[in-house]
Each structure stands twice: as C-alpha cells, then as structure tokens.
C-alpha cells in the first residue's frame, strides 16, 4: 500500500509495517543493518494530521507511527516515533488491526487526536488512564467494522 492509502484506510491503533524493498543485510554488518532498519520497520499507527497551509507554505498530510519505548525499571525515558508524509516512497502494510471491543485512549477529541494507549477492554483503559493522568483524554471503543463505518467508530468521553 502507499502512504496515502495508509492515511486514508488504516485505523488508529493498527500495526503498520513499512519497507523500501531492499533485502535485509546480514546481522554482522551493524551499520548497514541500522541504516536498513531506518526504512524497514514496524510501528503502531498513533496519529494522522491533514495538510496545513501557513503563509505561503503548505505541509502535506502525514501520519505518525510509534516504534517503541526505551527505559528501565518501568520508567520510560525515550519514546520513538516516526512521521511519514503521504508522498513517501516506502511501501506500507497493515499487519494487525485493532479488534472490536478494544479501547483506544486518545489525548483529546477531534481530528488531531493522538493514541496514548490501546487497551484490551474498557476497564483496562480506565485503569491505565487512572495511573497516567491525562486531563483531556477520551476513551474510544473500537466497534465491529460494519458498525464502525455506519457510526463513525463510536467515541465516548
């Protein structure tokens, strides 16, 4: 799929794989492998932003993938995100869609909301939210695909 297709079709919370089509170098070539992994990896779809015009400059639409957290003893020190323009030349694949019944914890309502956490159910989402304290966060229950198309995916506060 193209980056534009992912932007248009992938739901927030989906696991996305991206690739430049080159073969993976052997493990012993550390620098080549690190460069390859920059264009060939997997991330959780956490945000999409429409195109914007500021002055005479237009920024194309984009989406962001969360690639991982780094830290120790339960303390996250670094969160790694990667943002792609809809014009990216990489190829993308939806590896996993969020299952119906799962709950997205979003940082705010609206188009530019960012996924903070993907929980298995509402009680797990409320528990996560109680321990992480985001003041404007909302819970978004993932509906069945057919119902989601008709209802707009049923966001609740």
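Quick note: the coordinates plus some simple rules give every number you see, no bench work behind them. A quick note: this is a predicted structure, and the numbers were derived from the prediction, not measured. Here Cβ is always computed from backbone atoms with ideal geometry, including for glycine, and neighbour counts include all displayed protein chains.
Relative contact order of segment 1-71, taken over Cα pairs closer than 8 Å and 6 or more residues apart, is 29 percent. Spatially, segment 16-49 and segment 123-146 are offset by 30 Å when compared through their Cα centroids.
Among 64-76, 90-102, sorting by the average number of other beta carbon atoms lying within 10 angstrom of each residue, highest first, gives 90-102, 64-76.
Principal axis extents of the Cα atoms in the chain, from largest to smallest and rounded to whole angstrom, are 47, 45, 36.
For the chain, the 222 nm mean residue ellipticity estimated from helices alone, with every DSSP H stretch of n ≥ 4 adding -39500 (n - 2.57) and the total spread over all residues, rounds to -6000 deg cm²/dmol.
Relative contact order for segment 59-149: 24 percent, from Cα pairs under 8 Å spaced at least 6 residues apart, divided by residue count. Each peptide in 1-9, 15-23 receives the mean, over its residues, of other Cβ atoms within 10 Å, and ordering these scores from highest gives 1-9, 15-23. Taken along the Cα-to-beta-carbon direction at a fixed 7 Å, the label points for residue 58 and residue 123 span 5.0 nm. Normalising the average separation of contacting C-alpha pairs (under 8 angstrom, six or more residues apart) by the number of residues puts the relative contact order of segment 1-131 at 29 percent.
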